[in-house]
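Asks: The following block contains the structure, expressed as structure tokens.
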Amino acid sequence: MNEFAQAAATALSLIVRLDPELSRIVVLSLRVSLTASVIALVIGAPLGAMLAVTRFLGRHTVIVLTNALLGLPPVVAGLILYLLLSRSGPLGSAGLLFTPGAMVIAQAMLATPIVVALVHRPASLLWAEYGDLARIDGLSTFRSVMLLFALGRGSLLTAFLAAFGRAIAEVGAIIVVGGNIAGYTRTMTTAIALETSKGDLALALGLGLILLSLSVAVSTIAFLLVGRIGEK
């Protein structure tokens with residue numbers, strides 16, 4: 001118990017004095033996860049809205065596949081990306097393996113299906129209500145999607161925050177493609193796993209507290225903003 005209390009006290013000290021190693025890990029984690037979340041939103045939100053607005057051959061297959069990808073194991077996603085980015089892979093010449101760029105791609109792969117699913121469902125409900133009016137006004141597919149985005153701002157925010165939550169908590173895929181290199185590709189989750197296995201509980205606890213605080217902050221912001229949007 002004394003060992004745990006000492007580790008907790010040291011962890012708080014690292015946070016308060018903005019320990020350089022801890023700060024570097026946190027900044028990299030936020031940069032990678034926010035970038036991946038934005039990419040997931042840019043790709044997934046239009047796709048989710050398009051699936052609600054348009055009807056085409058294979059649409060239901062795309063919807064089923066997207067929902068199936070929600071359960072894609074992160075290590076499998078990491079393995080697939082590793083094979084693509086390795087020297088013998090088709091994208092090996094890009095030199096992205098074991099870089100933050102590869103980690104962004106891995107997190108975006110895992111977060112995009114979440115965005116598609118969270119945007120598609122409310123967009124379908126909105127389209128069922130306003131679709132006839134959009135057709136009467138002669139709106140193009142692009143303008144129809146923009147209309148759904150304007151009406152469903154809350155779902156877009158929810159989708160982005162869910163994508164960020166998925167990305168920031170990711171471990172398996174980014175270890176595979178990032179390599180957990182100190183000072184370069186080590187994030188909060190990979191550092192927690194490594195430091196815990198080494199028995200360095202102070203840094204692991206410090207990063208864990210920050211990660212937990214981020215999760216609470218994201219949930220709180222989502223609740224407040226979605227509520228405010230709903231009131232307008």
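Every number here is computed from the coordinates shown, using simple stated rules; none is lab data. Everything quoted here is computed from the prediction, not taken from an experiment. Because the Cβ atoms are built from the backbone with ideal geometry, glycine has one as well, and the counts that use them run over all protein chains shown.
Asks: Using square roots of five times the C-alpha gyration tensor eigenvalues, list the equivalent-ellipsoid semi-axes of the range 1-62 in whole Å, biggest first. Present the calculation step by step, with values, prior to reporting the outcome.
Replies: Details: eigenvalues 428, 43, 11 Å².
Calculated on Cα positions only, the semi-axes equal 46, 15, 7 Å.
Asks: With an 8 Å cut-off on Cα pairs and a minimum separation of 6 or more residues, tell me the relative contact order of the range 5-141 in percent. It would help to have the intermediate numbers written out before the result.
Replies: Numbers: 100 pairs, mean separation 53.2, N = 137.
Averaging sequence separation for qualifying contacts and normalising by length gives 39 percent for the range 5-141.
Asks: Continuing with this model, one more query. Over all directions, how big on average is the projection of the convex hull of the alpha-carbon atoms in the range 18-126, in square nanometres?
Replies: Numbers: hull surface 35.7 nm².
For the range 18-126, averaging the hull's shadow over all directions gives 8.9 nm².
Asks: Same structure again: How large is the helix-only mean residue ellipticity at 222 nm for the chain, computed as the sum of -39500 (n - 2.57) over DSSP H runs with n ≥ 4, divided by its residue count, in deg cm²/dmol to the nearest 500?
Replies: Value at 222 nm, helices only, nearest 500: -27000 deg cm²/dmol.
Asks: With label points built 7 Å along Cα→Cβ from the Cα atoms of ASP200 and ASN67, find their separation and express it in nm.
Replies: Calculated label separation equals 4.5 nm.
Asks: Once R0 is set to 45 Å, what does the formula 1/(1 + (r/R0)^6) return for the Cβ-Cβ distance between THR141 and ALA5, expressed as a FRET efficiency to the nearest 0.05?
Replies: 0.15
Asks: Taking 2.2 N^0.38 Å as the expected size of a compact globular protein, what ratio does the Cα radius of gyration of the chain give against it, to two decimals?
Replies: After normalising by residue count via 2.2 N^0.38 Å, the value is 1.18.
Asks: Report Rg(Cα)/(2.2 N^0.38 Å) for the range 124-232, keeping two decimals.
Replies: Dividing the Cα radius of gyration by 2.2 N^0.38 Å gives 1.57.
Asks: Just grab the label-to-label distance for LEU12 and SER88, each label 7 Å out from Cα along the Cβ direction, in nm (one decimal).
Replies: About 5.3 nm separates the two model spin labels.
Asks: Can I ask one more? Provide the per-residue ³J(HN,Hα) series for the range 103-110, in order, calculated from phi with Karplus coefficients 6.51, -1.76, 1.60 and θ = phi - 60°, each as a whole number of Hz, with x at glycine and proline positions.
Replies: 5, 4, 4, 4, 5, 5, 4, 7
Asks: Roughly speaking, what is the stretch gain from TYR184 to ILE43, that is 0.36 nm per residue apart minus the C-alpha to C-alpha distance, in nm to one decimal? Mind showing how you got there, number by number?
Replies: Working: separation 141, 0.36 × 141 = 50.76 nm, distance 2.68 nm.
Going from the current span to full extension adds 48.1 nm.
Asks: Next up: Go ahead and collect, in residue order, the members of the range 11-35 whose backbone nitrogen is under 19 Å from a label point 7 Å along the Cα-Cβ direction of ILE221.
Replies: Output list for this probe position: 23-35.
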